[in-house]
1. Being within 30 Å of Tyr2 (Cβ to Cβ), at pLDDT below 95 and not hydrophobic (A, V, I, L, M, F, W, C) narrows it down to one residue among Glu114, Glu51; which is it?
2. Among the residues of the range 131-184 satisfying the criterion of being basic (Lys, Arg) and assigned to a loop (DSSP other than H, G, I, E, B), which is nearest to Lys82 (Cα to Cα)?
3. Determine whether the range 9-20 contains at least one residue that is out of contact with any Asp or Glu (no Cβ under 8 Å at 6 or more places or on another chain) and assigned to a helix (DSSP H, G or I).
4. Here is a list: Lys6, Lys21. Which entry is surrounded by fewer than 16 Cβ atoms within 10 Å (Cβ to Cβ) and over 17 Å from Ala74 (Cβ atoms)?
5. Output the residues belonging to the range 44-77 that are open to solvent by 70 Å² or more (accessible area, probe 1.4 Å), among the aliphatic types (A, V, I, L, M) and over 16 Å from Lys154 (Cα atoms).
6. Can you tell which of Val156, Val164, Val136 is out of contact with any strand residue (DSSP E or B) (no Cβ under 8 Å at 6 or more places or on another chain) and either open to solvent by less than 70 Å² (accessible area, probe 1.4 Å) or in contact (Cβ under 8 Å) with a residue 12 or more places away in the chain (or both)?
7. Could you please find all residues in the range 39-78 being among the aromatic types (Phe, Trp, Tyr) and under 14 Å from the mean Cα position of the chain (by Cα)?
Amino acid sequence: MYYYLKELKGFDIHVIGLDLKEDVIRRCSGLAKKYGYEKLHFLVGDIADYEGVNEVDVVVTLHACDTATDYALAKAIGWNAKVILSVPCCQHELNGQIETENFSALTDYGLIKERFSALATDAIRGKILEWQGYKVQMLEFVDFEHSPKNLLIKAVKRSTSKHVMETAKTKAETLMKEFNFSPTLYELIQSK
């Protein structure tokens, strides 16, 4: 991404990569140095605690497990990111919360419950992003035969009407109420 934006497109960019694994950061930092990417920096850290910037243009998350995606999305919203590209992974949080009388057939089989919970997680994330003024698309970016983790949440900050934003919030809250969901991203946004 750095090569494309900086070298091919000529944008004056500064990229910060975060990961919890020191060996990953060491390897990525070595590659940035090897290729002379002076404005590409990697840091060991959790995005939930990162305070190095106040505003950004783009936030990209790749396979941030479970609620790490929610913390990254909340940071992106707080930083007023113009574009968010998020590839969620391991959406387990709502699987442990799901309770419903009206749609109990979805919870009778472990595999169905797991897949539905993952889809519901990302649907709620999408509606929360819309509530926060983003135009959202859910895209399959890698064929399912190569990876079951192939969903890309693309969110672009737009001037959006209050009605559209409130409708998105209502849709998220309706889904949450029906299945007894209390997702981390919703809690993070509500606490602001």
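1. Every option except Glu51 fails the conditions.
2. Arg158
3. no
4. Exactly one residue qualifies, and that residue is Lys21.
5. Correct list: Val44 only.
6. Only one candidate passes the filter, namely Val164.
7. Correct list: Tyr71 only.
Listed here are the residues, each with its yes/no results for (1) loosely packed, with under 14 Cβ neighbours inside 10 Å; (2) under 24 Å from Asp57 (Cα atoms); (3) in contact with a helix residue (DSSP H, G or I) (Cβ under 7 Å, 6 or more places away or on another chain).
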site	(1), (2), (3)
Cys90	no, no, no
Leu94	no, no, yes
Leu106	no, no, yes
Ser117	no, no, yes
Ala123	no, yes, yes
Gln132	no, yes, yes
Asp143	yes, no, no
Ala172	no, no, yes
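The values are calculated or read from the model by the stated rules, or taken from the named source; none is laboratory data. Note that the structure is predicted; figures quoted are calculated from it, not measured. Using ideal geometry, Cβ is built from the backbone for each residue, glycine included, and neighbour counts are taken over all protein chains shown. Note: accessible area is taken over every heavy atom of the protein model, side chains too, but ligands, DNA and RNA are not part of it. Shrake-Rupley method; radii C 1.70, N 1.55, O 1.52, S 1.80 Å.
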